[in-house]
Amino acid sequence: MAIATARTMDILPPRPQLNLPREPWKFSNLQRVIDTLACTELCTTIGCLEAALPVVSGPQYVFHNGALAENLSGSAVLAHGVTLETTEHQTPNTEHRTRDALDTLPLTAGVTHTLHVTGKGKLPLHLIHVASGEPSTSRFRIELEAGAELTLIEHQVAAPHFTTWQNLGVEIVLAEGAVLTHSVQQTLPPTCVLSRRTFVSLADTATYSATTFQSGSTFSRIETHAELASSTTFRHIGLSLARREQHHDCTLHVRHKGTANSTHIRQRNLIDDKAHAVFQGKFHVDQAAQKTDAYMHCHNLLLNDTARASHKPELEIYADDVKCSHGAATGGLNANQLFYLEARGFTPAQATALLTEGFVNEFIDEFPEVLRKNMALALQQWQANVVDTADPTPDFGMDAIRRETDLPLVPEIVIES
């Protein structure tokens with residue numbers, strides 16, 4: 001695949017003053033990050049955009065800064081009953097929460113894309129969000145009619161060595177009995193910034209199963225708000241790999257409005273160097289939401305004394321016949337397990353690699369099968385502490401930038417009988 005390089009702009013244009021609410025953003029200072037962000041130039045060639053695209057199989061829509069890139073999208077094999085419409089700017093639904101500055105940023109492409117599903121999609125549909133140039137804001141709406149089913153995989157990407165801020169808003173509406181399997185893959189270059197907000201509305205008996213994977217960007221916040229009617233199922237599995245000085249934030253707020261809802265949230269963070277992982281989860285249970293069964297858990301594995309994890313669970317319950325709980329665990333590798341492996345011939349590096357793989361692989365199995373191979377590869381690269389070091393060929397007429405030197409791979413683990 002061609003690798004793009006980029007030239008950083010000399011003068012930083014003024015950034016918007018966000019004035020985000022203090023408590024929900026207490027662990028994440030987006031304003032400070034974007035104020036010092038030096039964006040690279042805009043991708044203007046097909047080759048530059050292609051360098052950012054992940055390898056996927058099945059139908060895909062590619063969006064560049066919120067605008068549909070039709071020449072890179074393969075929609076000919078979309079399942080019957082799946083359509084994409086583009087409309088003028090629409091104000092996001094903020095009835096469920098207090099409106100803030102991220103909701104009012106102007107859309108870069110000036111349009112909202114709506115994906116409408118009436119049937120049962122047999123193949124996963126990929127939405128690929130490519131960012132470049134100055135900060136961009138885009139908005140999407142996903143609607144599933146009664147009984148519709150879809151597997152949707154979204155990719156947050158940029159060409160290697162590019163720096164930008166991508167702000168994305170997604171509204172998902174599931175009608176009665178609809179089933180959506182939704183995965184978000186955040187693999188942006190390590191100098192990019194992402195703020196992503198998803199609002200999910202579930203009608204009676206609807207099912208929403210979400211998985212989120214974060215391994216890229218210098219600062220990333222993936223935020224989900226959900227409102228549940230009655231007899232719904234909400235599942236969220238999150239996995240984050242953070243190192244150097246990366247900041248990964250996963251924030252969820254689930255409001256149970258009807259009866260007999262089932263909610264299950266699990267987050268797992270692997271953190272090294274001076275990275276910081278944040279998990280904020282809140283269950284709001286209305287007085288009418290009897291028979292609610294809700295559980296959340298966050299597990300953080302710190303591989304370094306300077307790695308950090310912040311965890312804030314909240315339960316706001318107004319019903320008296322519910323089952324709601326939360327749990328958290330934070331710590332390093334088990335010294336006894338490391339000793340056991342080293343006593344059987346493993347080097348300390350091999351023992352560490354084996355235990356971290358076990359910590360992560362359990363969650364990789366929860367993701368759609370089509371993603372597992374790439375996620376396993378991302379874990380290997382993360383363990384090897386690799387940043388994209390491929391030669392920039394071609395350079396698309398842009399100046400080359402300095403890249404980090406090659407680093408040795410984690411030694412192969414060999415088990416002798």
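Details
Condition check ((1) at pLDDT 90 or above; (2) over 29 Å from residue 263 (Cβ atoms)) across all residues:
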residue	(1), (2)
306	yes, yes
320	yes, no
333	yes, yes
366	no, no
385	no, yes
390	no, yes
406	no, yes
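- The residue list 304, 300 contains one member that is within 11 Å of residue 271 (Cα to Cα) and part of a loop (DSSP other than H, G, I, E, B), which is 304.
- No other residue among 205, 233, 218 is on the phi > 0 side of the Ramachandran plot, surrounded by fewer than 23 Cβ atoms within 10 Å (Cβ to Cβ) and in contact with a Ser or Thr (Cβ under 6 Å, 6 or more places away or on another chain) apart from 205.
- Subset of region 272-295 that is assigned to a loop (DSSP other than H, G, I, E, B) and touching a His at 6+ places or on another chain (Cβ under 8 Å) - its residue that is surrounded by the fewest Cβ atoms within 10 Å (Cβ to Cβ): 286
- The set of residues in region 187-202 being buried (at least 23 other Cβ atoms within 10 Å of the Cβ) and either under 19 Å from residue 364 (Cα atoms) or of a type in the set (A, V, I, L, M, F, W, C) (or both) consists of 188, 192, 193, 194, 200, 202.
- Any hit, region 173-182, residues being out of contact with any Gly (no Cβ under 9 Å at 6 or more places or on another chain), crowded, with 22+ Cβ neighbours inside 10 Å and within 24 Å of residue 242 (Cβ to Cβ): yes
- Number of residues in region 294-313 that are farther than 19 Å from residue 356 by Cα and polar (S, T, N, Q) equals 1.
- The condition of being of a type in the set (A, V, I, L, M, F, W, C), assigned to a loop (DSSP other than H, G, I, E, B) and under 29 Å from residue 58 (Cα atoms) holds for only one of 346, 367, that being 367.
- The set of residues in region 296-333 being charged (D, E, K, R), surrounded by 12 or more Cβ atoms within 10 Å (Cβ to Cβ) and in contact with an Asp or Glu (Cβ under 8 Å, 6 or more places away or on another chain) is empty.
- Residue check, residue 336 exposed (fewer than 13 other Cβ atoms within 10 Å of the Cβ) and either part of a loop (DSSP other than H, G, I, E, B) or of a type outside the set (Ser, Thr, Tyr) (or both): yes
The values are calculated or read from the model by the stated rules, or taken from the named source; none is laboratory data. Treat the numbers as computed from the prediction; the structure is a model and nothing was measured. A quick note on method: Cβ atoms are made from the backbone with ideal geometry, for glycine too, and the neighbour counts reach across all protein chains shown.
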